[in-house]
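Peer 1: The structure's right below; bear with me while I get my questions together.
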Amino acid sequence: MKHYLSINDIDSLPNWVDEAIALKKSPYGFQHLGKQKTICLLFFNNSLRTRLSTQKAAMYLGMEVMIMNFGSEGWALEYEDGTMMNQGTSEHIKEAARVVSQFCDIVAIRAFAKLEDKITDEAEEVLTGFAKHASIPIVNMESSVAHPLQALADAITLAEHKTKSKPKVVLSWAPHPKALPHAVANSFVQMMKKQEADFIITHPKGYELNPEITNGCQIEYDQETALENADFIYVKNWSSYEDYGQVLHQNTNWMMTEKKLGHAKFMHCLPVRRNVVVEDAVLDKNQSLVIEQANNRTFAAQLVLKKILENHEN
Amino acid sequence: MKHYLSINDIDSLPNWVDEAIALKKSPYGFQHLGKQKTICLLFFNNSLRTRLSTQKAAMYLGMEVMIMNFGSEGWALEYEDGTMMNQGTSEHIKEAARVVSQFCDIVAIRAFAKLEDKITDEAEEVLTGFAKHASIPIVNMESSVAHPLQALADAITLAEHKTKSKPKVVLSWAPHPKALPHAVANSFVQMMKKQEADFIITHPKGYELNPEITNGCQIEYDQETALENADFIYVKNWSSYEDYGQVLHQNTNWMMTEKKLGHAKFMHCLPVRRNVVVEDAVLDKNQSLVIEQANNRTFAAQLVLKKILENHEN
Amino acid sequence: MKHYLSINDIDSLPNWVDEAIALKKSPYGFQHLGKQKTICLLFFNNSLRTRLSTQKAAMYLGMEVMIMNFGSEGWALEYEDGTMMNQGTSEHIKEAARVVSQFCDIVAIRAFAKLEDKITDEAEEVLTGFAKHASIPIVNMESSVAHPLQALADAITLAEHKTKSKPKVVLSWAPHPKALPHAVANSFVQMMKKQEADFIITHPKGYELNPEITNGCQIEYDQETALENADFIYVKNWSSYEDYGQVLHQNTNWMMTEKKLGHAKFMHCLPVRRNVVVEDAVLDKNQSLVIEQANNRTFAAQLVLKKILENHEN
């Protein structure tokens with residue numbers, strides 16, 4: 001593995017999950033790998049969990065960490081080839097990516113979907129620009145269409161909490177006042193396709209995810225039917241994909257409630273809007289795994305960095 | 001001691017001051033305590049001294065440091081219980097505090113008074129929210145009503161410079177163009193109540209501090225009378241407490257001058273507006289202790305972190 | 001050497017360049033120098049290369065690094081003596097510089113020219129304010145009139161790529177939509193005056209640099225004549241010095257092209273606007289040294305820090 005850009009960079013999900021759970025037990029066991037290695041975290045968007053967990057993961061591995069809020073601390077980047085740069089952008093991704101590569105051994109990047117134009121978002125110009133022009137490995141800390149560190153943390157959490165080999169896992173859309181990206185849902189779906197499970201996606205009509213990603217997945221428009229006998233319910237809002245970036249409605253009937261949850265475990269990537277996406281009673285129950293999911297972000301990131309460092313060593 | 005939220009978390013001020021002065025002599029002597037420990041500094045407001053000194057203190061102890069400007073880099077937090085979060089806040093303190101607890105061993109927080117509403121400020125929702133929901137120790141880097149790291153640094157500075165066992169110490173209000181919080185004054189008063197001194201507070205009528213805090217202290221409205229034979233004069237502006245957050249007047253007669261200072265030592269927490277709060281001649285004299293107060297911020301923070309780490313060890 | 005404020009703080013440029021090239025070969029060889037030493041990087045302006053390379057340089061030396069975006073994270077500073085500070089500034093440089101000196105061993109500062117007033121910019125109040133009032137060494141990470149870390153990196157790059165003892169080096173002005181400072185050009189000129197070269201400056205009339213800096217240099221207004229048989233062409237925009245801070249015109253004829261480049265090596269400090277300052281074909285050729293210049297920023301900074309630490313040791 002050179003880069004970690006999407007779930008598809010994982011060769012064997014079960015092996016990765018086992019290795020992450022082992023790391024979690026002795027996180028300081030691989031400090032020799034990160035010695036005299038530096039990671040640079042570039043944020044084009046806000047972050048809490050990703051910022052702290054990726055930093056912590058690098059520290060566990062003995063790496064040095066450099067952090068930049070690229071938007072506010074650096075220069076406005078140009079991504080188009082051949083542009084006459086006489087407008088708002090000061091530096092081309094070609095230079096930026098090659099320059100950053102001089103100062104560190106791995107670069108991790110967060111750049112959200114803008115939800116204005118599907119083609120632009122799907123081009124993932126920031127992440128793919130760095131992957132194309134940098135000479136060092138790239139880690140995706142959430143791009144326009146994928147959040148593979150979150151999905152790996154989710155896989156770890158599922159593995160830790162499942163009580164049967166083929167649990168029923170439901171990804172259930174939730175209402176939200178703002179238009180949110182599809183990255184978390186996309187990577188969760190891709191991750192679920194890589195493991196044994198009875199997996200169902202449920203959402204109102206019009207909120208279908210990219211069909212290339214959900215291809216082969218069971219989709220059920222009736223939430224009650226979908227949730228029946230679920231072992232894990234992963235709740236997440238996303239805006240419309242078809243009617244790109246639009247909030248079609250905020251149907252409050254889709255909010256997750258204690259009653260709907262039943263005996264299932266509750267999952268969400270956070271941050272979460274209480275009593276909009278999910279009611280208080282769910283989050284405040286022991287059945288909620290959200291804090292453990294956040295904790296596992298560290299070990300997901302640590303595993304990815306470990307694999308990159310090991311690959312580099314060979 | 002679990003948290004360091006206010007001066008009242010100090011069991012014995014004289015012992016703490018002695019220990020801080022010893023630390024200052026060999027600050028690298030306790031690196032084993034911080035090994036493989038991480039502190040997260042969360043800033044909801046600007047900072048110079050607190051930012052650098054707390055970071056330096058953690059480094060002296062061998063800790064890893066993660067820093068976040070929560071306001072600009074994280075998510076807008078909700079503090080109310082039971083809110084339907086369909087407005088401006090994206091994450092509840094319940095999740096944020098528990099999530100941050102996954103990534104570090106101590107969290108230090110700065111969140112100023114907004115001076116709009118006394119009840120809101122006194123509720124100290126940020127600090128108490130973290131203290132309630134985090135699973136790790138919390139350090140107050142200045143909250144709405146207290147700045148106990150500053151007051152501890154002030155106690156160290158007083159101890160280093162006093163020439164008698166019961167010095168006369170005056171807290172003297174000063175004019176300022178902007179409405180400032182009461183945190184520094186409050187913690188200074190609370191700290192002074194924990195030691196032997198002839199302590200007087202002086203300010204114009206209308207600028208009385210919270211009477212629950214100044215309870216038992218001598219208050220003198222005539223500055224000249226108050227300053228007579230002072231050994232230390234601590235100058236500080238604060239807005240009205242009664243007429244909450246208002247600048248009643250900027251009476252320039254209350255500015256500290258070389259003449260008023262006499263033979264006393266001058267103290268201020270910084271930043272300070274020259275020739276508004278205090279005239280140049282005072283700050284540029286050897287009698288000014290302001291730089292040493294700033295220096296002692298490091299050892300106040302280091303002592304607090306050391307005590308938390310030791311407590312955690314036991 | 002106490003401070004590194006300008007190229008004039010270099011005693012022997014050839015020796016420095018040799019030492020930097022040696023450092024580049026074994027950058028981890030001097031970690032004992034930086035042990036228990038801290039550098040504070042203060043940014044009053046944006047930065048990519050300087051931010052990452054100076055941080056990396058300090059890490060190579062085993063130093064701790066503290067970073068502050070002073071403008072957004074600290075307090076607005078006052079630089080005038082004797083001001084009654086009842087307006088927008090909260091803290092005087094006298095206190096800020098002395099306070100920062102309590103928390104670190106070296107302070108590095110970036111504060112660009114504002115290009116509004118020549119006298120103000122040439123006073124370099126931020127850098128000289130810190131140099132005057134701090135008690136620790138100061139490193140210039142680009143000030144109003146100088147960028148000596150860039151010029152030292154350029155000297156290293158020239159030394160690595162020259163094939164004759166006295167190469168022809170041309171500093172060629174380029175068009176740009178915005179008014180840019182003179183700092184990079186000034187330091188490059190001063191650096192070139194310290195070594196053997198056939199050095200020519202070329203720019204349109206009206207774009208003369210400060211004559212005190214270019215004193216003794218050959219200036220040629222015809223770009224074609226200037227570029228003839230050049231070994232290295234350093235391209236850079238700057239605004240007018242005479243008509244201070246003005247963009248007199250954006251004469252696109254002055255853009256660097258593949259044809260003009262000939263067999264010369266291309267240099268630029270970055271960030272660079274493609275197809276405005278220089279055409280794509282130049283940057284995408286092997287003759288471009290811009291990425292190596294960026295890489296050498298690390299070793300320029302490391303050498304400067306090493307010399308300061310060694311000086312401090314003696």
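Peer 1: What is the residue count in region A:19-48 for residues that are closer than 17 Å to residue A:154 by Cα and surrounded by fewer than 14 Cβ atoms within 10 Å (Cβ to Cβ)?
Peer 2: Looking only at that region, the number is 1.
Peer 1: Kindly indicate whether residue B:272 is in contact with an Asp or Glu (Cβ under 8 Å, 6 or more places away or on another chain) and either assigned by TED's automatic domain parsing to the domain that holds residue B:237 or open to solvent by 10 Å² or more (accessible area, probe 1.4 Å) (or both).
Peer 2: On the way: in contact with an Asp or Glu (Cβ under 8 Å, 6 or more places away or on another chain): yes; either assigned by TED's automatic domain parsing to the domain that holds residue B:237 or open to solvent by 10 Å² or more (accessible area, probe 1.4 Å) (or both): yes.
The answer is yes for residue B:272.
Peer 1: Can you find a residue in region A:75-85 that is closer than 21 Å to residue B:67 by Cα and within 11 Å of another protein chain (Cβ to nearest Cβ)?
Peer 2: Within region A:75-85, not a single residue is closer than 21 Å to residue B:67 by Cα and within 11 Å of another protein chain (Cβ to nearest Cβ).
Peer 1: Do you know which residues across region B:266-306 are basic (Lys, Arg) and in contact with a strand residue (DSSP E or B) (Cβ under 9 Å, 6 or more places away or on another chain)?
Peer 2: Selection gives B:273, B:274, B:285.
Peer 1: Give C:184, C:189, C:170 a once-over and let me know the one that is closer than 18 Å to residue C:271 by Cα and among the β-branched types (Val, Ile, Thr).
Peer 2: The unique qualifying residue is C:184.
Peer 1: Moving on. So residue A:68 passes all but one of these: (1) surrounded by fewer than 23 Cβ atoms within 10 Å (Cβ to Cβ); (2) more than 14 Å from chain C (Cβ to nearest Cβ). Which condition number does it fail?
Peer 2: Result: residue A:68 fails condition (2) only.
Peer 1: Can you find a residue in region A:128-150 that is within 14 Å of chain C (Cβ to nearest Cβ), in a loop (DSSP other than H, G, I, E, B) and of a type in the set (Asp, Glu)?
Peer 2: No, the conditions are met nowhere in region A:128-150.
Peer 1: Is it true that residue B:82 is open to solvent by less than 40 Å² (accessible area, probe 1.4 Å), at positive phi and either in contact with a Lys or Arg (Cβ under 9 Å, 6 or more places away or on another chain) or assigned to a loop (DSSP other than H, G, I, E, B) (or both)?
Peer 2: no
Peer 1: If a residue has to be within 14 Å of chain C (Cβ to nearest Cβ), in a loop (DSSP other than H, G, I, E, B) and farther than 28 Å from residue A:57 by Cβ to count, how many in region A:91-123 make the cut?
Peer 2: Final tally of qualifying residues: 0.
Peer 1: Determine whether residue B:88 is part of a loop (DSSP other than H, G, I, E, B) and within 11 Å of another protein chain (Cβ to nearest Cβ).
Peer 2: The answer is yes for residue B:88.
Peer 1: Something else now. Kindly establish whether residue A:185 is more than 20 Å from residue A:234 (Cβ to Cβ), open to solvent by less than 10 Å² (accessible area, probe 1.4 Å), at pLDDT 95 or above and of a type in the set (Gly, Ala, Ser).
Peer 2: Here the answer is no, as residue A:185 does not meet what is asked.
Peer 1: Report yes if some residue within region B:47-62 is more than 11 Å from chain C (Cβ to nearest Cβ) and in contact (Cβ under 8 Å) with a residue 60 or more places away in the chain; otherwise report no.
Peer 2: Within region B:47-62, one or more residues are more than 11 Å from chain C (Cβ to nearest Cβ) and in contact (Cβ under 8 Å) with a residue 60 or more places away in the chain.
Peer 1: When you scan region A:206-314 for strands (runs of 3 or more DSSP E) that lie fully inside it, which ones turn up with 3 or more residues that are touching a His at 6+ places or on another chain (Cβ under 9 Å) and closer than 30 Å to residue A:3 by Cα?
Peer 2: Where strands (runs of 3 or more DSSP E) fall fully within region A:206-314 and carry at least 3 residues being touching a His at 6+ places or on another chain (Cβ under 9 Å) and closer than 30 Å to residue A:3 by Cα, they are A:232-236.
Every residue, every condition in (1) surrounded by 22 or more Cβ atoms within 10 Å (Cβ to Cβ); (2) aliphatic (A, V, I, L, M), yes or no:
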{"site": "A:99", "(1), (2)": "yes, yes"}
{"site": "A:109", "(1), (2)": "yes, yes"}
{"site": "A:112", "(1), (2)": "no, no"}
{"site": "A:129", "(1), (2)": "yes, no"}
{"site": "A:137", "(1), (2)": "yes, no"}
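Peer 1: I need every pair where a residue in region C:85-102 that is of a type in the set (S, T, N, Q) has its Cβ under 7 Å from the Cβ of a residue that is in a strand (DSSP E or B) and open to solvent by 10 Å² or more (accessible area, probe 1.4 Å), sequence separation at least 6 or different chains.
Peer 2: Pairs that qualify, where the first residue is of a type in the set (S, T, N, Q) and the partner is in a strand (DSSP E or B) and open to solvent by 10 Å² or more (accessible area, probe 1.4 Å), are C:89/C:77; C:89/C:78.
Peer 1: Still on this structure, please answer the following. Answer yes if at least one residue in region C:288-303 is open to solvent by less than 10 Å² (accessible area, probe 1.4 Å), within 14 Å of chain A (Cβ to nearest Cβ) and without any contact (Cβ under 8 Å) to a residue 60 or more places away in the chain, and no otherwise.
Peer 2: Checking region C:288-303: at least one residue is open to solvent by less than 10 Å² (accessible area, probe 1.4 Å), within 14 Å of chain A (Cβ to nearest Cβ) and without any contact (Cβ under 8 Å) to a residue 60 or more places away in the chain.
The values are calculated or read from the model by the stated rules, or taken from the named source; none is laboratory data. If you're wondering where the values come from, they're calculated on a predicted model, not measured in any experiment. Note that we place each Cβ from the backbone using ideal geometry, even for glycine, and neighbour counts take in every protein chain shown. The area values use the complete protein model at the heavy-atom level, side chains included, leaving out ligands, DNA and RNA. Shrake-Rupley method; radii C 1.70, N 1.55, O 1.52, S 1.80 Å.
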